[in-house]
Amino acid sequence: MVSVLNRSLRWIPAATMSEGDSIGESVHGKPSVVYRFFSRLGQIYQSWLDKSTPYTAVRWIVTLGLSFIYMIRVYLLQGWYIVTYALGIYHLNLFIAFLSPKVDPSLMEDSDDGPSLPTRQNEEFRPFIRRLPEFKFWHSATKGILVAMACTFFEAFNVPVFWPILVMYFIMLFCITMKRQIKHMIKYRYIPFTHGKRKYKGKEDVGKTFAS
């Protein structure tokens with residue numbers, strides 16, 4: 001009798017643990033309310049981005065409007081110049097990536113692998129593929145403006161600085177960077193804009209058509 005009780009008691013913890021594990025898995029297997037909220041919020045945000053994709057002009061007008069509002073706010077507050085300088089450097093890097101080809105022609109000089117940019121008029125037409133696509137350029141630029149706008153509500157980001165020095169340094173950096181980019185475009189003979197596929201006209205058929 002004692003041996004039978006010992007055997008039955010020996011199986012009780014195992015049964016209890018297995019039941020607890022199944023309950024724990026059901027509890028931890030469900031996503032939390034916070035996770036579901038942010039997941040749903042991300043889906044709504046992505047759907048709005050997808051809907052705005054074809055409206056290029058409207059998107060950029062909104063971004064320019066946000067930039068204008070930000071500049072007015074900085075002017076009225078008379079501060080946060082270091083945040084504005086960082087925003088300008090960030091936008092400059094995005095613009096250079098927007099003008100640059102996805103595959104650097106200088107890396108393809110000694111290699112015949114993969115397609116390269118056309119350098120002659122009679123070569124096959126290839127559209128310009130950017131390192132940073134237009135939509136990602138707009139999205140990153142808009143997010144940068146919103147982040148800079150949010151920084152103006154915190155006094156910790158208002159670092160005192162002599163702003164004319166930042167303006168002069170940014171102008172010098174912009175000129176040097178654009179000069180280097182233009183030299184790169186001239187050297188490898190590419191234009192960072194594609195207006196459509198080039199159409200070639202064939203010889204006109206001047207012969208008469210005879211009816212059968």
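Taken together, the values in this text are just the output of simple stated rules run on the coordinates, not laboratory data. Because the structure is predicted, anything quoted here is derived from the model rather than measured. Cβ: placed from backbone, ideal geometry, glycine included. Neighbour counts: every protein chain shown.
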Discussion item. Order 127-139, 90-102, 65-77, 32-44 from most to least packed using the mean count of other Cβ atoms within 10 Å.
Written reply: 90-102, 127-139, 65-77, 32-44
Worksheet item: Over 20 Å between Cα atoms, which of 51/136; 102/136; 136/179; 51/143 qualify?
Response: 136/179
Worksheet item: Can you list residues whose amide H is under 5 Å from residue 130's amide H, if they're 5+ apart or on another chain and H is modeled 1.01 Å from N?
Response: 102
Worksheet, complete the sentence: Once amide hydrogens are built 1.01 Å from N within the peptide plane, the residues lying 5 or more places from residue 80 or on another chain with amide H under 5 Å from its amide H are 159
Worksheet item: Using θ = phi - 60° and the Karplus curve 6.51 cos²θ - 1.76 cosθ + 1.60, what whole-Hz ³J(HN,Hα) does each residue of the range 155-168 get, with Gly and Pro shown as x?
Response: 5, 5, 8, 8, 7, x, 8, 7, 5, x, 5, 5, 5, 5
Worksheet item: What length, rounded to one decimal in nm, is gained on full extension from residue 57 through to residue 184, with 0.36 nm per residue of separation minus their alpha-carbon distance?
Response: 42.9 nm
Item to complete: May I ask you to compute the full-extension gain from residue 156 to residue 78, defined as 0.36 nm times their residue separation minus their alpha-carbon distance, rounded to one decimal in nm?
Response: 26.6 nm
